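These notes concern the structure reproduced below.
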C-alpha cells in the first residue's frame, strides 16, 4: 500500500493498493496525482465513497489512464447522476458551497462493489452511514484497514491530528456510521489508514475511542 498526500497535512489521502488507486481527492488534484502515478501500473480506480473530496479527480484520472471506476453499490447512482451527490448530503451551506466547488463530474461506474468483493489483495466491507454506499477495504493477512471516512484522524477546522468521527454536516446517518465504526474496530486492525489525517498504528487507542461513542 502506498499513501499519497493530496493536500498538506494529510487533509485528503489517496492510496495505491497494488495496482488499484483508492480515492482521488478534489478536482484540483488531478495533475498532482497523475504526476505521482507516472511510471506506476494502475489498472483500476476505486472509491471509498463519492463525496466531492474523494471523487473530485476520478473522471480525469480514469479518462487519462483509461481505467475503470469502481465504487460501493449504494453510491454508484450518485457518481453517475449530475447533482445527486450534493443532493444526498445534508442541506447545509458549507457542504453545498464547498462540495460544489471541489466536486468532479459524473463518471460511469464499471463495477459496483459489495460486501466480500476483492479489490487487489483487499476485501470490501460495506460501511454505510457517512454515505449510503460507503465501503472500506480490509486485508486480513497483515491487518491493514482503509477506513475512508467512517473514522477520521484530523480536525478539519484547524488541521491538527485528532481521532474523531466525521462531521455531522457531511454524514448522512451518524448513528449508522457509528455502527460501521464499531464493526471495523472488531477487526482489530494493526494499521488504520484514514481518508483524512495520518495513519494510526495503535488498535487499543482506536478501540478506546470507539467505546466512548454513544451506542447507535
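Observations, loosely collected:
- Among the helices (runs of 4 or more DSSP H) confined to the range 1-74, the ones with at least 2 residues that are over 14 Å from the mean Cα position of the chain (by Cα) and touching a residue at least 24 places away in the same chain (Cβ under 8 Å) are located at 30-37, 58-65.
- Qualifying residue in the range 119-127 (condition: closer than 24 Å to residue 202 by Cβ and out of contact with any strand residue (DSSP E or B) (no Cβ under 7 Å at 6 or more places or on another chain)): no
- In the range 112-126, the residue that is surrounded by the most Cβ atoms within 10 Å (Cβ to Cβ) out of those that are touching a helix residue (DSSP H, G or I) at 6+ places or on another chain (Cβ under 9 Å) and within 14 Å of residue 22 (Cβ to Cβ) is 113.
- Put simply, of 129, 159 the only residue that is in contact with a helix residue (DSSP H, G or I) (Cβ under 8 Å, 6 or more places away or on another chain), in contact (Cβ under 8 Å) with a residue 60 or more places away in the chain, on the phi > 0 side of the Ramachandran plot and not in a helix (DSSP H, G or I) is 159.
Here is a yes/no grid of residues against (1) over 21 Å from residue 70 (Cα atoms); (2) surrounded by 15 or more Cβ atoms within 10 Å (Cβ to Cβ); (3) in contact with a strand residue (DSSP E or B) (Cβ under 7 Å, 6 or more places away or on another chain):
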{"site": "82", "(1), (2), (3)": "no, no, no"}
{"site": "104", "(1), (2), (3)": "no, yes, no"}
{"site": "107", "(1), (2), (3)": "no, yes, yes"}
{"site": "149", "(1), (2), (3)": "no, yes, no"}
{"site": "178", "(1), (2), (3)": "yes, yes, no"}
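- Residue within the range 140-156 that is in contact with a helix residue (DSSP H, G or I) (Cβ under 7 Å, 6 or more places away or on another chain), within 23 Å of residue 95 (Cβ to Cβ), modelled with pLDDT under 95 and in a loop (DSSP other than H, G, I, E, B) present: yes
- For the range 81-97, the candidate set comprises residues that are within 17 Å of the chain's Cα centre (by Cα) and part of a helix (DSSP H, G or I); within that set, the residue that is nearest to residue 20 (Cα to Cα) is 85.
The values are calculated or read from the model by the stated rules, or taken from the named source; none is laboratory data. Here the structure is a predicted model, which means the values were calculated and not measured. Note that we place each Cβ from the backbone using ideal geometry, even for glycine, and neighbour counts take in every protein chain shown.
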